[in-house]
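See structure below.
The values are calculated or read from the model by the stated rules, or taken from the named source; none is laboratory data. Source: prediction; values computed, not measured. Every residue, glycine as well, gets a Cβ built from its backbone with ideal geometry; the counts of neighbours run over all protein chains shown. These area figures cover heavy atoms from the full protein model, side chains too; ligands, DNA and RNA do not enter into them. Shrake-Rupley method; radii C 1.70, N 1.55, O 1.52, S 1.80 Å.
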Amino acid sequence: MPAAAVADNPIVQTVYTADPAPLVYDGRVYVYTGRDEDGSTNFTMREWRVYSSADMVNWTDHGVPMNLGTFSWASSDAWAGQAIYRNGKFYWYVPVRMSNGSQAIGVAVSDNPTGPFRDALGRPLIQNSEIDPNVFIDDDGQAYLYYGNPRLWYVRLNADMISYSGSPTQIPLTTAGYGTRTGNASRPTLYEEGPWVYKRNGLYYNVFAAECCSEFIAYSTAPGPTGPWTYRGTVMPRQGGSFTNHAGIVDFNGGSYFFYHNAALPGGSGYTRSVAVEKFTYNADGTIPTINMTTAGVPQVGTLNPYTRQEAETIAWESGVETEPSSEGTLNVGYIDNGDYIKVKGVNFGPGAASFNARVASASAGGNIELRLDSLTGPTVGTCGVPGTGGWQTWTTVSCTVGGATGTHDLYLRFTGSGGGLFNLNWWQFNPSAGGNQLTNGNMESGTTGWSVFGNATLSPNTSVVHGGTGSLLITGRTASWQGIRQDVTSKLVNGKSYATSVWVRTQSGTPSAKVTLALTANGTTSYVQLAPATAVNPNGWTQLTGTATVSWTGTLTSATLYIETVAGTDNYYLDDATFQ
Ligand code: FUB
C-alpha cells in the first residue's frame, strides 16, 4: 500500500475496528472500539479493544481488555459501547446478545482506562432488546444512559453507575426532533442507532447514525438532557464504503475531534470496518459543520520524544505487522515479515541521536530494523541487527549507532530479513548524542533526581499524572509566580551555543501561562534568558513549552539555573519530559 504510507486514517491498521467511543482522561485520548473479525460477512464481533494517544496521530494499542467471555450471560455480538470515568473507576457499557437470542446491555468496571474490565453486575443492566448504549454525566452529577435501535431510550443512572432510578423512558421520535425519513412508514424519523449525547456551552447534542442503509451521521440539539430535541442536520454524509457509521466526539488540547468508522482498509466492507478521526471547529452559533472523511487524518499535537521508551505498539501507520500480549507486560509487535514497517509520526530528535536500543525476541534467525526518516525510502540513519534469541518471548536488548537524525521527522522502522516470521519487537528508545539532552532525569522517571525548587514550594514525584513513562514532578505551595521547578545546568553550558528547549506542563488548578527561563550569573551579574516563551497552559491536559535561545555571557559563569515559572499566579503544576539540548 505505498500510497497509504502517507495517511494517518484509519488510526488502526493491525485489525478491523468499529464503533469508536473516545474518552479524554489524564492528558490522553482513549478510544474504545469493537473489533470486526477478518473476512466477516456479518457483524461477527467477539471482543472490544482500547487504543490511546497523547498526540492524536501515534496510537498505542492496549489490546483486548474485555470480550464476550467477560459477561457469563452473553453469547455473541460484542457491538457498540462506551466507557466513562467516575469516582476513580471506569465503566464500560456494551450491548451483547444473550443465549436466548435477545439483546441486552451490560456494564463492566475497571480501575484503569485500559482494563482489565470485569462484569460489574453478573447480569444485564438493561434488557429490552435494544443496542448501542451511550453514557453522559451532566454538570449536576446526574448520569444518563441513552441507547436504542429502533427506538431511542434514556434512563437515569444512579451515582454507582451500575444501577438506575425509575424506568427506561422512550424519547419521542418526532420529525421535528429527529428529521424525516421517507419510504419507511414504521420508521418516520432519521434516527437509526448509535446515540452520542454531550453538552457544550449549555446546549445538549445528540449525534447519531441516521437512516439506514447506508447510514449518515446527523444531530439534534435540546435545552436539556431529556429534550425536547430539534433536528439540526447532517454531520457526516454517506461516505467511506461501510453501510453503517458510528460517531463519538471529544474535545482534547483545545481542539474538537470527530471519531467514526468506514471501510477504508484493504479488505474493508460494511462488516470489516476501521476507526478514523477528523478535527473540526464548531460554528460560532454552536452548530456542527459538515465533516468529510479524509485519509490525511488530524494534525499532531506536539511531537513524540524518542529519548523516552516507546512501546512498539505505538503506531501512526503500519504495514504487515500485528500486536499480541507480551510476556514483559503490555503488548509487543509480532508477525514481522521482510519489508513490513511501522511509521511513528513527528519524532523530535532535537540536535541529534547517537544510538538506538530495541527490545526484541526471535525464535527464528531474526533480521534487521532499518531506521529511516520521512518515508520508507528516506535516509537510513541506523540499522540494528536482531539475532535469534531462542523464543518469541525470549527478550534481549539490541543497540546500534545512529547518525543524521536531527530535528523532527516521521520515523519508519522498516523490518528486513529472510522471508517471514523474523522477530518480535516490544519497545524502542533512542539515546541522544553528546549534544543531546543536557538535563539530568529529563523524563522524570527517577523521582526528583536532578531537580529542586526555585523559591519556596514543595516538589514531589508523581506517578498518577504523567505525560510519558511512569513518572512526573508536581510542585505545590508556590507563593510567587517566579517560583518553580529548577535544575542547575552551570557545568553543561557552552558560551554562545544555541539550545532547543522542550518541557511538558500541566496545571493542577487554574489556567496560567507558563515559560521556561534560564537564570545566568556571570561576574556577579544575573541575567535572564527566555528559553521557551510564555504559553497558555491547557487546563485539561498537557501543554508543550518549546523555544530556541542562544546562551552567552561575559566573564566567568558561576551559576546557571533552568526553571519553569508562571507569568502570574501560584498554581500548582506538573512537569514531565523536559529536554534542553
Ligand atoms: O457494530 C455493530 C453495530 O453496527 C453497532 O452496534 C451499530 O452502531 C453499527 O455500527
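For the chain, the solvent-accessible area with a 1.4 angstrom probe is 36 square angstrom per residue. The value of relative contact order for the chain, using C-alpha pairs under 8 Å at least six residues apart, is 11 percent.
For the stretch 452-580, pairs of C-alpha atoms spaced more than 18 angstrom apart make up 51 percent of the total. Multiplying the residue separation of Thr525 and Ser269 by 0.36 nm and removing their Cα-Cα distance gives an extension gain of 85.2 nm. Note on Asn67 and Thr406: the model spin-label points, each 7 Å out from Cα along the C-beta direction, lie 4.9 nm apart. Computed about the Cα centre, the dipole magnitude for the stretch 1-66 is approximately 60 debye when only Lys and Arg (+1) and Asp and Glu (-1) carry charge, each at its Cβ. In this rough spin-label picture, where each label sits 7 Å from Cα along the Cβ direction, the Phe243-Ser509 distance is 5.7 nm.
In sequence order, the stretch 570-581 has phi-based couplings of 10, 4, 5, 8, 9, 9, 8, 6, 9, 10, 9, 8 Hz under the Karplus curve 6.51 cos²θ - 1.76 cosθ + 1.60, θ = phi - 60°, and Gly or Pro positions carry x. Extents of the chain, largest first, come to 87, 61, 40 Å (Cα atoms, principal axes, whole angstrom). When the Debye formula is applied to the Cα atoms of the stretch 310-432, each taken as the same point scatterer, what base-10 log of I(q)/I(0) results at q = 0.11, 0.19, 0.20, 0.23 Å⁻¹? Results for the stretch 310-432 at q = 0.11, 0.19, 0.20, 0.23 Å⁻¹ read -0.31, -0.97, -1.07, -1.41. The Cα atoms of the stretch 425-502 define a convex hull whose projected area, averaged across directions, is 7.0 nm². By the Cα gyration tensor, the stretch 16-280 has an equivalent ellipsoid whose semi-axes, rounded to whole angstrom, run 24, 22, 20 from largest to smallest.
Taking GluC sites (Glu not before Pro) in DSSP loop states with no more than 16 other Cβ atoms inside 10 Å as exposed sites, the chain has its longest site-free stretch at 38-327. Here the stretch 233-334 is treated as a sphere whose radius is the Kirkwood value from Cα pairs; by Stokes-Einstein at 4 °C and 1.567 mPa s it diffuses with a coefficient of 80 µm²/s.
The spacing between the stretch 6-82 and the stretch 447-516, judged by their C-alpha centroids, is 36 Å. Cross-link reach is defined here as a Cα-Cα straight distance under 29 Å, omitting same-chain residues fewer than 8 places apart; for Lys492 the lysines meeting it are Lys515.
Does the stretch 96-232 come out rounded, prolate or oblate, given a ≥ b ≥ c as the square roots of the eigenvalues of its C-alpha gyration tensor, rounded meaning a/c under 1.5 and, failing that, prolate meaning a/b above b/c? Oblate, because a/c is 1.5 or more while a/b does not exceed b/c. Nearest 20 debye, what's the magnitude of the dipole of the chain about its Cα centre given +1 on Lys and Arg Cβ and -1 on Asp and Glu Cβ? I would put it at about 700 debye. Cβ-Cβ distance of Thr394 and Ser99, R₀ of 51 Å, FRET efficiency by 1/(1 + (r/R0)^6): the value works out to about 0.80. Note that the stretch 197-206 has calculated 3J(HN,Hα) couplings of 9, 8, 10, 9, 6, x, 9, 9, 10, 10 Hz, one per residue in order, obtained from phi through the Karplus relation 6.51 cos²θ - 1.76 cosθ + 1.60 (θ = phi - 60°); glycine and proline are x. Full extension of the chain between Asn441 and Thr226 yields a length gain of 72.3 nm, computed as 0.36 nm times the residue separation minus the alpha carbon distance. Just the protein heavy atoms count here, and of the accessible area of the chain at 1.4 Å, carbon and sulfur take up 48 percent. Note on Lys279: aspartates and glutamates with a C-alpha under 17 Å away, same-chain residues under 8 apart excluded, are Asp8, Asp55, Asp251. Expressed as a whole number of Å, what is the distance separating the alpha-carbon centroids of the stretch 98-165 and the stretch 373-416? Using only Cα atoms, the two centres lie 45 Å from each other.
For the stretch 468-474, the Karplus equation 6.51 cos²θ - 1.76 cosθ + 1.60, evaluated at θ = phi - 60°, returns couplings of x, x, 10, x, 8, 10, 10 Hz by residue, with Gly and Pro reported as x.
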